[in-house]
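Just so you know, all these numbers are worked out from the coordinates, no wet-lab data involved. Since this is a predicted model, take the numbers as computed values, not measurements. Here the Cβ is made from the backbone with ideal geometry for all residues, glycine too, and neighbour counts use every protein chain on show.
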Amino acid sequence: MLPIEHAQKVIRSVAEKSNRAILFYSCGKDSIALLDMMAQELDEVVCVFMYFVKDLEHIDKYIRFSKSKYKNVRFEQVPHWILTQIHNTGLYCVPKKTRLMKLSTIIQAMKLKTGIDYVFIGEKQADNMNRRIKLRQYELEAISTTKNVYPLSKWRDGDVLTYIRKKRLPIPINYGKKKNRSVGVVFDEDVYVWLRENYPEDLQKILKEYPLSEKILFDYDRKMETNKRV
């Protein structure tokens, strides 16, 4: 069975049980492709976007595109669960005690809020060793147990990019040259440099929330200056 055939079978098996589903949407290639497939089979798709900082233009344009293209899609935006760790440890911010969360916490909260049982996640066995172990035994029967669904389990990055090109979907953001640097605003040199060059207003929004993180750019500029001298 081809990867796309497996994905379609998984999505249709859910559609037989429910005409609504949640998708954890990141603006990355996996969620872009998965949303397109889900929108063709379900009456309603609720996309959950977990943000580090709200209202970043380079993110919002993907959300606007999706709302325009798919009339059966709506978005819910919630703080990323990893922010609870960032705020507790005081990484690039003033520490403050908050309840620690995990992805599973957000998943359960969104199921309760929307009344939707089925949650789609764009993880693949090919992503890394942890996901390979997690998804290796994944079969259709697992859906009825957890109601967490991984249609792209058997896909590779090349399969996803081919699908995006064939369907003429938006090309995902590529923050840098490193592999898998296409998803998510994080405290990372590639992200900050890319934003400074392409979306400086978004960078300023992030620095307003996490002013100490400007050290990332200071360190980068110092490194570049040192390399010039060598």
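Each residue, Lys111 and Cys93, gets one label point 7 Å from its Cα in the Cβ direction; the gap between the two is 2.7 nm.
Given only helices, namely DSSP H runs of n ≥ 4 each adding -39500 (n - 2.57), what is the per-residue ellipticity at 222 nm of the chain, to the nearest 500 deg cm²/dmol?
Numbers: 11 runs with 118 residues, N = 230.
Helices in the chain give a 222 nm mean residue ellipticity of -15500 deg cm²/dmol.
Per-residue Karplus couplings for segment 43-48, computed as 6.51 cos²θ - 1.76 cosθ + 1.60 with θ equal to phi - 60°, are listed in order as 6, 9, 10, 9, 8, 9 Hz, Gly and Pro entered as x. Put the Cα centre of segment 98-120 next to the Cα centre of segment 41-93 and the gap is 14 Å. Taking Cα atoms only, the orientation of helix 157-167 departs from the longest principal axis of the chain by about 70 degrees. In the chain, the longest principal axis of the Cα atoms and the axis of helix 200-209 are about 90 degrees apart.
Distance between the modelled labels on Gln8 and Thr226, one decimal in nanometres: 5.4 nm (7 Å Cα→Cβ projection). Using Cα pairs under 8 angstrom and six or more residues apart, how large is the relative contact order of the chain, in percent? With pairs under 8 Å counted, the relative contact order is 23 percent.
GNM remark for the chain: springs join alpha carbons under 10 Å apart, and the peak mean-square fluctuation among Arg99, Arg156, Arg196 falls on Arg99.
Between Ser104 and Ile171, the contour length at 0.36 nm per residue exceeds the alpha carbon distance by 21.3 nm. Each peptide in 24-33, 104-113 gets a packing score, the mean of other Cβ atoms within 10 Å over its residues, and the list from highest to lowest is 24-33, 104-113.
Relative contact order for segment 1-83: what percent, with Cα pairs under 8 Å and sequence separation of 6 or more?
29 percent
Taking 0.36 nm per residue of sequence separation and removing the Cα-Cα distance, the Leu161/Phe75 pair yields an extension gain of 28.6 nm. Please give the helix 29-41 orientation as an angle from the longest Cα principal axis of the chain, in degrees from 0 to 90, rounded to the nearest 10. The angle comes out near 30 degrees.
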